[in-house]
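Trainee: Dropping the structure in here first, questions after.
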Amino acid sequence: MRFNIVHRVLPIAMMLLLGGVQLFAQADKSKSKAVWLSLAVPGLGEYYLNNWKTPSTGRYFIGGELVTWASYFYLNAYGGWIHDDAKVLAARQAGVKLSSAKPSNFYYTISKNASIYSYNESERRLNAGARVYAETEDNYWQWKDEHSRRKYNAMRYDGSTYKRLASYLVFAGIVNRVLSVAQTVRVFNRMQNSGISMRMDIIPETRTRARTQFSLIKSF
C-alpha cells in the first residue's frame, strides 16, 4: 500500500517541482534590465534573457555594434589625418604659420583665395571690409601656384567627407540599438507567453478500475 502511494505521488511531485523551477527562471528575468542592457550594448539584453548563452540574433547586434564604432573611429581619424596633411601642404606651398592660432574659418578661406591680399581686397570691395584679416605674419598666406591651392582644397574636401561619413555611423549605432531593443522585448514577451501546464488524464483499465496519468505540457 505504501509503495503504491509513493509510486503515484512521486511523479506528481517531480512534475510540480520541474514546473516551478521553469516558472521561477522565467519570472527571475527583468524586462527593464534587458532593455537597458540592449541600449548600452545592442544584443546584450538577449544574452541576459538567454542566461548568457549564445542567442539567435544577439550576436549579430553585437557584431554590428563593433563594426559601426570601429568604422566611426577609423573614418573620423582618417579624415583628421587628411586635414593635417592639408595644413602641412599649406605651410609648404602658401607660407602658413601652423604654430599660431588662426581666426575662425581661416583654413577654409585659404582654400578659396590665392593670398591674404587678394582676399582682403575682395572683402573691402564687396563687403566694405567687414571680414578682412589683419595682414600679420600669423595670418599670412600666399599660394605659390594655383595647382597647390586646388590640391589643398581637394584634400580638405576629402577629409571633411570622411568625417561626414563617420557622423552617419552615429545614426547607424542608434538604429542598431532601436532594433536590438525591439528584438529584446519580443524575446521577453515570447518567454512570458510560454509556460508549463499540467494535464490530467483518466485512463480506464477495466470496467471498475481506472488509472490517473499526469503530464506536463510546455507551450511556446
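Read-outs: derived from the displayed coordinates by stated rules, not from any lab. Because the structure is a prediction, the values reported are computed rather than measured. Virtual Cβ from ideal backbone geometry, glycine too; neighbours counted across all protein chains shown.
Trainee: For the stretch 97-199, build the charge dipole from Cβ charges (+1 Lys, Arg; -1 Asp, Glu) around the Cα centre, then report which of 168, 188, 128 sits farthest towards its positive end.
Mentor: Going by the Cα projections, it comes out as 188.
Trainee: Write down the Å³ per residue value for the convex hull defined by the alpha carbon atoms of the stretch 27-108. Display every interim value, and only then the final one.
Mentor: Values: hull volume 11.6 nm³, N = 82.
In the stretch 27-108, the Cα hull volume divided by residue count equals 141 Å³.
Trainee: Just list whichever of 29/163; 31/163; 97/163 have alpha carbons separated by over 32 Å in the model shown.
Mentor: As for pairs spanning more than 32 Å Cα to Cα, those are 29/163; 31/163.
Trainee: If each Cα of the stretch 64-183 is one equal point scatterer, what is log10 of I(q)/I(0) from the Debye formula at q = 0.18, 0.20, 0.22 Å⁻¹?
Mentor: -0.90, -1.02, -1.15
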